[in-house]
1. May I ask you to verify whether ILE135 is in contact (Cβ under 8 Å) with a residue 60 or more places away in the chain, of a type outside the set (S, T, N, Q) and in contact with a His (Cβ under 8 Å, 6 or more places away or on another chain)?
2. With LYS78, LYS87 as the choices, which residue is over 15 Å from the mean Cα position of the chain (by Cα), surrounded by 13 or more Cβ atoms within 10 Å (Cβ to Cβ) and modelled with pLDDT of 95 or more?
3. Could you tell me how many of the residues in region 103-154 are in contact with a strand residue (DSSP E or B) (Cβ under 7 Å, 6 or more places away or on another chain), farther than 30 Å from GLY83 by Cβ and loosely packed, with under 14 Cβ neighbours inside 10 Å?
4. Could you tell me how many of the residues in region 122-153 are acidic (Asp, Glu) and farther than 14 Å from VAL44 by Cβ?
5. Among the residues in region 25-42, are any under 24 Å from TYR160 (Cβ atoms), surrounded by fewer than 19 Cβ atoms within 10 Å (Cβ to Cβ) and at pLDDT 95 or above?
6. Going through GLU121, GLU113, GLU146 one at a time, which residue ends up being more than 17 Å from the chain's Cα centre (by Cα) and in contact (Cβ under 8 Å) with a residue 24 or more places away in the chain?
7. Scan region 124-143 residue by residue and report those that are under 13 Å from the mean Cα position of the chain (by Cα) and among the polar types (S, T, N, Q).
8. Take the residues of region 104-131 that are at pLDDT below 95 and not in a strand (DSSP E or B): which is farthest from SER55 (Cα to Cα)?
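The values are calculated or read from the model by the stated rules, or taken from the named source; none is laboratory data. What you are looking at is a predicted structure, and each value in this text was computed from that prediction instead of being measured. Using ideal geometry, Cβ is built from the backbone for each residue, glycine included, and neighbour counts are taken over all protein chains shown.
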Amino acid sequence: MTMIGLSFASVPLYDLFCRVTGFGGTIQKTENYAPETIDKIIKVRFDSNVSADLSFEFMPEKTFNEIKIGEIGNIIFKVKNLGNNKKNIVSTFNTSPPSVGIHFKKLACFCFEKQTINPGETKEFNVAYYIDPKIVKDPATKGTKEITLSYTLFKVNNSYKSKNNS
């Protein structure tokens with residue numbers, strides 16, 4: 001029973017740890033937009049993956065975006081249920097290289113929010129983000145020219161509680 005309890009608690013605890021520390025490329029959520037824009041372009045690539053137990057299409061509307069550091073970017077991800085049954089899904093995310101996660105700021109995201117997708121249904125989800133100008137001063141990230149934002153879809157059960165603060 002203890003092991004089962006720990007397995008259910010491990011995902012939310014790991015998620016909280018990553019969101020607080022930026023560990024493993026976890027992006028930071030913010031509600032404050034950085035007013036400073038730097039005249040330096042950074043390429044943001046978009047990647048999407050689907051767990052093996054889902055019959056879904058999942059893809060970004062484009063494979064990359066070139067934006068100025070500090071400028072708000074938006075990307076739409078399309079999700080289609082190819083199966084015959086309604087599914088509850090959730091997405092997780094990370095960045096590569098992992099060291100940039102702390103500087104990748106989300107203003108809007110569908111991550112960790114349970115979504116229900118009916119058979120044949122297609123939904124679009126927006127991610128609004130910016131790259132914090134501190135990226136150019138951080139010794140671990142100052143030479144970064146490209147970031148990959150990667151999402152993975154997973155099936156969840158009806159009792160899954162969305163993480164509204166991700």
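1. yes
2. LYS87
3. Count: 2.
4. Count: 2.
5. no
6. GLU121
7. Hit for region 124-143 is ASN126, nothing else.
8. The extreme case among them is CYS109.
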